[in-house]
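Enquirer: A single structure is presented below for examination.
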2 protein chains.
Amino acid sequence: MVLYAGQGDAQRSMSLLWRGPDPASGSASDRRPSRPGPKQGLSVDAIVEAAVAVADEQGMAALSMRAVGQRLGRTAMALYTYVPSKAELIDLMYDKVLGELPAEHDLSRGWRAALTAWARETRAFYLRHPWVLQVSQARPVLGPNEFATLEALARVLHGTGLPAPVLRGVIGAVAQFVRGAAQVVADARQAARATGVGDEEWWFSRSPLLERHAPDLARRFPLVVWINQDDPPAVPDADDAPYLERDAMHNFTVGWEVLLDGIEASIAKHGGDQR
Amino acid sequence: MVLYAGQGDAQRSMSLLWRGPDPASGSASDRRPSRPGPKQGLSVDAIVEAAVAVADEQGMAALSMRAVGQRLGRTAMALYTYVPSKAELIDLMYDKVLGELPAEHDLSRGWRAALTAWARETRAFYLRHPWVLQVSQARPVLGPNEFATLEALARVLHGTGLPAPVLRGVIGAVAQFVRGAAQVVADARQAARATGVGDEEWWFSRSPLLERHAPDLARRFPLVVWINQDDPPAVPDADDAPYLERDAMHNFTVGWEVLLDGIEASIAKHGGDQR
DNA sequence: CACCGTACTTTACGCTGTAAGGAGTGGCAA
DNA sequence: TTGCCACTCCTTACAGCGTAAAGTACGGTG
């Protein structure tokens, strides 16, 4: 078996992700208690925390090594003493914030209620840390909190008695739905902040232009017009939310109901042997 | 009503998106038939086509004005004669490739079959142009093909008789599911190409490290282990597909079934008055 | 006290989108 | 025919990015 590139970095990456509690600084495993030279003024934890703050406040695009360094009163290059590269820093950020999600859910009122609570928490989490949505889904980070959140979701659905391969598909669908729904809202907020133009004003400025360039819209795309014929019914949680967000909240609740009913049908089909 | 920034660009953007057939070059509306100065060596269409080619071949990250210019034998700045900025170019790319999607679907065998055909086509489309997944969802481009694809999807589901607000939610869920499922595969391919490490080798290099740093995985996260206990059943379309992609295909079919059953339940609830 | 490993800094490279200004082309009015 | 000038396309420039390379200053250990 030939070993490919990325192996050395994987070493560093794994020990950073799984490093134990951090008494003062550095990682517990590869750090001698005393060493020559100046004292360490930073720590991996401090750097990750600062990076999360930058990303939360200014978005993933503004997350630069220089920006993180500046927040800590250092240059960009100082960070490379603690973290091998920006990619590993993002992995650490990702696994750290995943720790905010609860590991347990109340199953006493059935899986539908528990899964809905999970969805609401996860949605709120994504909107609190919208940059998480830009972390690639392709290869898992394999950090402790990533495993913990997956375990928590699996625990909610395990009681349905669905066989493992089906459960994998259901978990994927559910996770993707919440992620996608949050993405739309996060993108909209990002756009509003980046351009300084809110959704409502944006639409008011586009609408007459569309009318001019495509006056026959209603004839060419009758169903698009029909679908948007009326405002969404009020949604309890989002009375004060701006334009697009109220719409997004409505779509979220409708789509979520569809998904839950679909899971119910799947349980009926594949035999839920437990309650 | 105060008009905000972005208005002037919106003008240009709209006339580029909705410009009629392109006899030789330039846009039909704001281009006089003859003009002083050197002949135009490029055209908006040629630039958009070249940009799509670059993005298809090298990914969104490699799409630079210099790269597009080079493919056309010009410098980056030459493009600015035809296109106001990179943002508008991406809008044009997006609306152009959306034109590849079919506008009609065979409804003779019911909405389930038609919607499934739609999903397969859309998934294949995303994998053909993975960069499309990185175009922001927040604010629609309002181009002709964007309307056309939405109309096509609405037409498939209109026959269910679902009321408009519910249909909006269903359309959103369906579109998000396909987009998310394609995203995972696209990200994986991108990662494999960028790092030169395939999924299988990647896992083989990570697995022993994980074992070393977290030897109690099975005890801490029993359901994560249980869920992945066995290989996914073979899926017809993806026998030759690599590792992760076969898994992704399985999840896609399972999740899709869940979604279809959920829509069925929604029709039963909200009264499908048509067939 | 000298040594030398360490924390951190400065400098540098090639990349990005695009503003600014310059060069050469060619239709049209004088 | 000449000169104008709108036009296409070019070169140059700037501030920003991740990070390699080299330099500086600190301080525990021989």
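Enquirer: About the Cα centre, and with charges only on the beta carbon of Lys, Arg (+1) and Asp, Glu (-1), how big is the dipole of the protein assembly as shown? Nearest 20 debye, please.
Expert: Dipole size: approximately 1460 debye.
Enquirer: About its Cα centre, what dipole magnitude does chain A give when the only charges are +1 on Lys and Arg Cβ and -1 on Asp and Glu Cβ, stated in debye to the nearest 20?
Expert: Roughly 1120 debye for chain A.
Enquirer: Point me to the residue of chain B whose C-beta lies closest to the B-onto-A rotation axis, rounding the distance to whole angstrom.
Expert: Whole-Å result, nearest residue of chain B to the axis: B:Gly262, 1.
Enquirer: Relative contact order for chain A: what percent, with Cα pairs under 8 Å and sequence separation of 6 or more?
Expert: Across chain A, relative contact order equals 16 percent.
Enquirer: Using the Cα centre of segment B:110-270 as the reference point, and only Cβ charges (+1 on K/R, -1 on D/E), how large is the resulting charge dipole? Debye, rounded to the nearest 20.
Expert: For this selection, approximately 660 debye.
Enquirer: Let me ask you something else. So if R0 is 41 Å, what FRET efficiency would B:Ala117 and A:Gln229 give, r being the distance between their Cβ atoms, rounded to the nearest 0.05?
Expert: Efficiency at R0 = 41 Å is approximately 0.95.
Enquirer: So for A:Ile263, A:Ile90, fewest C-beta neighbours within 10 Å to most, what's the order?
Expert: In increasing order of surrounding Cβ atoms, one gets A:Ile90, A:Ile263.
Enquirer: At 7 Å along the Cα-to-beta-carbon direction for both B:Glu100 and B:Arg219, put a label point, then send me their distance in nm to one decimal.
Expert: Label-label distance for B:Glu100 and B:Arg219, simple model: 5.1 nm.
Enquirer: What nm distances, shortest first, do you get from the label point of B:Pro84 to those in the other copies when the point sits 7 angstrom along Cα to Cβ?
Expert: Going from nearest to farthest copy, the values are 4.5 nm.
Enquirer: Just going by the charge dipole of the protein assembly as shown, with Lys and Arg at +1 and Asp and Glu at -1 on Cβ, which of A:Ser207, B:Gly169, A:Gly169 is farthest out on the positive end?
Expert: The Cα lying farthest towards the positive end belongs to A:Ser207.
Enquirer: On a full-extension model of 0.36 nm per residue, what is the gain between B:Asp56 and B:Arg12, subtracting their alpha-carbon distance, rounded to one decimal in nm?
Expert: 13.3 nm is the gain from fully extending B:Asp56 to B:Arg12.
Enquirer: So, one more: So what is the 222 nm mean residue ellipticity for chain B from helices alone, if each DSSP H run of at least 4 adds -39500 (n - 2.57) and you divide by all residues, rounding to the nearest 500 deg cm²/dmol?
Expert: -19500 deg cm²/dmol
Enquirer: Are there GluC sites (Glu not before Pro) in segment A:59-155 that DSSP marks as loop and that have at most 14 other Cβ atoms within 10 Å, and which are they?
Expert: Within segment A:59-155, the qualifying GluC sites (Glu not before Pro) (loop, at most 14 other Cβ atoms within 10 Å) are A:Glu100, A:Glu104.
Enquirer: How big, on average over all directions, is the shadow cast by the Cα convex hull of the protein assembly as shown, in nm²?
Expert: Mean orientational projected area (the protein assembly as shown, Cα hull): 30.4 nm².
Enquirer: Give the nm distances, rounded to one decimal, from B:Pro38 to the matching residue in every other copy, measuring between label points 7 Å along Cα toward the beta carbon; shortest first.
Expert: Sorted ascending, the copy-to-copy spacings read 5.4 nm.
Read the figures in this text as sums done on the coordinates, not as results from a lab. Nothing here was measured: the structure is a model prediction, and the numbers come from that model. Glycine also receives a Cβ, built like all others from the backbone with ideal geometry; neighbour counts cover every protein chain displayed.
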